[in-house]
Amino acid sequence: MKSRNVFSLLASGIVCCAALCSGQDVSPSPEASVAPGDNPSTAVPVPTNTTVERPMFVSISPLFGPLTRAPVLFWHDKHAVAMRAEGCETCHPKKGSQIEFTFPKIRSESSRKALMVSYHEACITCHARRLDAKKAAGPVTCGECHSDKKAARVKEYLPIVPADDGKLLDPYHQKCTACHLQPAKPAKNTPELDWKTFHVVARQRLEQEMPEIVYDYSIHDKHLQALAKKCELCHYISPAFAAKLKTEEKTPTSQDWLIEEEPGRSLKKKEEVHLRCINCHLERTAEKKTHGPVDCRDCHVDRLRPVEELAKITPPDYDKKERILINAEKASLPSVPFDHKSHIAASRSCDDCHHDTLEACVKCHTLKGAREGKFITLAEAYHKTGSKWSCVGCHALEQAKPDCAGCHSLRQGGLAATDCDACHSGKLESLDRISKLPDPATLFPTNLTDEFSIAILEKEYEPTKVKHKVIAQKLTEISNKSKLASFFHMEETTICSGCHHLGSVEKQKNGPACNACHTTQNIPSGNTPTLLGAYHQACLGCHQKMGHPEKQMPQACTGCHKEKKRS
């Protein structure tokens with residue numbers, strides 16, 4: 001589910017955007033619902049103090065003109081806790097047995113003033129009554145609500161790229177602060193600068209949304225257990241489709257439960273999913289049954305369960321073969337072998353690959369593109385680099401993780417044309433291809449030492465010691481632990497190409513020297529960085545991307561360059 005906000009105010013002309021409160025650590029409880037074994041009469045758990053409370057900016061719709069005062073910061077989480085005994089219907093209207101999450105309960109949009117009065121009547125009147133009753137209450141004066149506090153606004157500085165965007169070609173200068181530090185400290189602890197346009201910035205308010213709910217296997221399993229595996233309580237099969245399955249003497253499969261969407265009760269649309277989920281949780285709370293949370297911050301958590309934690313959970317049953325060949329009629333390349341089981345083991349939910357339904361991609365995405373697939377072709381659905389649902393896009397996200405980014409961040413151009421055969425083999429047997437890389441010491445030429453020195457800055461610094469063998473062994477270890485890397489790192493010299501990125505790298509043969517392409521002069525040659533820049537791009541860039549402690553992977557100048565002692 002992609003829901004983000006308890007308020008479904010868009011339709012009513014009020015926009016509520018969640019903004020993170022600055023300066024607070026995010027350490028919410030990992031549990032998004034009560035475990036089936038817990039006491040069913042337990043009240044909805046009050047969030048811990050470590051959970052971030054997010055203010056919502058309440059602003060008037062453009063239909064009523066610009067704001068004349070600062071937008072109101074509304075702290076829903078604080079209200080939910082304070083009004084727990086009174087219940088959600090204190091603020092939200094109730095239709096039959098269902099609470100509708102609009103606000104205020106009584107509102108008029110006949111004019112700007114009428115809408116303003118609707119809010120004032122709901123908020124200020126409630127606060128005044130609580131004050132009269134000697135209870136904790138919110139503000140009652142204009143300036144207390146319409147406050148432009150700096151702490152409530154997250155500022156963002158944006159670079160303005162000039163029309164004649166001249167890029168600095170020497171990567172050494174990408175981080176000016178890496179050199180200009182007093183005292184020296186890791187560059188990651190300094191403000192990020194846009195190295196191309198650091199001289200011009202613009203400031204604007206940054207309004208961040210609440211984290212998306214990731215309905216992972218753990219949460220799904222809790223619902224299965226609490227609801228006695230009655231899929232129909234959440235999912236929908238139309239009478240016509242149910243009759244068809246009955247005629248075919250079939251029972252609904254997990255795919256069948258996600259083919260259709262019940263009108264007005266979508267599990268994808270924000271307004272409808274909030275009505276369903278929160279009301280269900282409230283009803284089960286009243287019935288003293290196992291129930292889930294009702295507060296925003298208990299569902300919209302900043303913590304994603306790691307895949308390793310979800311490995312203990314039995315994922316939903318699926319009705320496909322564990323291994324299949326992905327193919328399309330009239331496709332120009334051979335089919336792609338796909339291991340469904342291993343991808344489930346590496347995912348948090350089915351939504352990591354699928355969206356809307358569990359149907360195969362080809363159902364909506366055709367070779368030429370179709371309306372059902374929003375005219376995204378089948379090739380784009382599988383290969384789009386910026387999509388988390390595509391194969392290539394998902395693999396790119398894996399490459400961006402710290403252990404992999406050290407090498408992959410330096411590789412330009414993405415997939416090469418020759419990479420197509422790695423997936424498009426047309427044979428299921430290729431799924432068993434696991435390439436464990438050998439000890440890099442067996443690849444070194446006989447005249448190459450395990451450690452060597454770089455003395456390009458010898459006038460100011462002692463030579464930099466490069467532990468060549470140790471670095472290569474560590475990268476080999478990372479690759480061999482990754483099933484994804486072991487599938488694609490087919491060449492035994494793959495790890496070498498992380499640094500030696502130009503020209504072919506052959507076993508036990510010397511490659512071209514770095515200064516064969518990178519000039520030792522201060523001015524770069526064309527688009528190729530200088531030797532000094534290339535060293536810093538490869539070494540410092542890798543250290544920054546992999547994010548290890550300073551002692552292991554130095555980022556400060558003196559971590560690699562020891563100053564010469566002056567006589």
**List 375, 101, ordered by accessible area with a 1.4 Å probe, largest first** = 375, 101
**Asked** Which percent of the accessible area of the stretch 410-567 is formed by carbon and sulfur heavy atoms (probe 1.4 angstrom)?
**Response** 54 percent
**Fill in**
Non-local residues with an amide H under 5 Å from the amide H of residue 326, with H modelled 1.01 Å from N and Pro and chain starts lacking one, are 336, 338
**Complete:** Counting only DSSP loop positions in the stretch 504-567, the trypsin sites (Lys or Arg not before Pro) whose Cβ has at most 13 other Cβ atoms within 10 Å are 507, 509, 551, 562, 564, 565, 566
**Message:** Give me the percent of accessible area attributable to carbon and sulfur for the stretch 61-118, probe 1.4 angstrom.
**Reply:** 63 percent
**Asked** Solvent-accessible area per residue for the stretch 355-400 at a 1.4 Å probe radius, Å²?
**Response** 67 Å²
**Complete:** Taking protein heavy atoms only, a 1.4 Å probe, and rounding to whole percent, the accessible area of the stretch 251-325 owed to carbon and sulfur comes out at 55 percent
**Item:** residue 267 - accessible surface, heavy atoms, 1.4 Å probe, Å² rounded to 10
**Value:** 40 Å²
**Asked** Distance from the Cα centre of the stretch 269-301 to that of the stretch 503-532, in angstrom?
**Response** 60 Å
**Given 507/564; 78/288; 467/509; 269/363, the pairs whose alpha carbons are separated by over 28 Å** = 507/564
**Asked** Which GluC sites (Glu not before Pro) in the stretch 247-344 pass both tests, a DSSP loop state and at most 16 other beta-carbon atoms within 10 Å?
**Response** 248, 249, 260, 287, 322, 329
**Request:** Report the net charge of residues surrounding residue 65, where surrounding means a beta-carbon distance below 12 angstrom and charges are Lys +1, Arg +1, Asp -1, Glu -1.
**Result:** +2
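The values are calculated or read from the model by the stated rules, or taken from the named source; none is laboratory data. None of these values were measured; they are calculated from a predicted model. Don't worry about glycine lacking a Cβ; one is built from the backbone with ideal geometry, like all the others, and counts go over all protein chains shown. Just so you know, the surface numbers come from the protein's heavy atoms only, side chains and all, with ligands and any DNA or RNA stripped out. Shrake-Rupley method; radii C 1.70, N 1.55, O 1.52, S 1.80 Å.
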